[in-house]
Amino acid sequence: MTKKKKIDEFSEEQNLENDESNEKAEVNHEDSEDQKSDEKDNKKYEQLLAQSQEYFEGWQRERADFQNYKKRIERDQISLKGYITAEIIKKYLVIIDDLELALKNRPASTDCEGWVDGIGLIYQKLISILEGEGVELIPVEGEFDPNIHEAISQIEHPEMESGKIIEVMRQGYKISERVIRPALVIIAR
């Protein structure tokens, strides 16, 4: 019986060893499957991360493009407003020219002083409205500048150097640096 007991114990040990080796094999098999699964997950994670980065960079580019678009539209609107303002003001400059001519040729009679003062006030009001819109007179003192002056004739003048402005025939106007209408001038030869 002792032999039988020993045989039973031996077979139990073998069974235990076999069970342990089977468990180890199963664990190794599960580990390799887990490792393969982890590798797949890592690859998928890296792909998703790369795709996410690509989408983020695309979003940033589109956002920058949109900001540039907004700035361009704002610049265009400001430019268009300036252009429209200049075109409207050009139409009123003719009236200012007429008022200046009327004030320059005042009647000598004192009977018309009230009328002349009224024309002067209308002229001043119109000039102040234009100044409120940013309109400025083009300076006509000194040298002739073809960018802001338009020469209608040249006259010999003994007291002036060549290229100097002698007389202003019509005032010129500008808004900021943009010339609405150049000044018509006579220059010395």
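Values in this text are rule-based calculations from the coordinates and carry no lab data. Because the structure is predicted, anything quoted here is derived from the model rather than measured. Note that we place each Cβ from the backbone using ideal geometry, even for glycine, and neighbour counts take in every protein chain shown.
Placing a pseudo-label 7 Å from each Cα along the Cα-to-Cβ vector at residue 103 and residue 69 gives an inter-label distance of 5.0 nm.
Please compute the net charge surrounding residue 163, taking Lys and Arg as +1 and Asp and Glu as -1 over other residues with Cβ under 11 Å from its Cβ. Residues close to residue 163 contribute a combined charge of -1. Here each label is just a point 7 Å from Cα along the line to Cβ, and for residue 168 and residue 87 those points are 2.8 nm apart.
Ordering 142, 160, 173 by the projection of their Cα atoms onto the charge dipole of the range 135-189, which places +1 on the Cβ of Lys and Arg and -1 on the Cβ of Asp and Glu, puts 173 at the extreme positive end. Run the paramagnetic zone check for residue 143: 7 angstrom along Cα to Cβ, then residues of the range 158-177 with backbone nitrogen under 18 Å. So the set is 160-167. Multiplying the residue separation of residue 59 and residue 157 by 0.36 nm and subtracting their alpha-carbon distance yields 28.4 nm.
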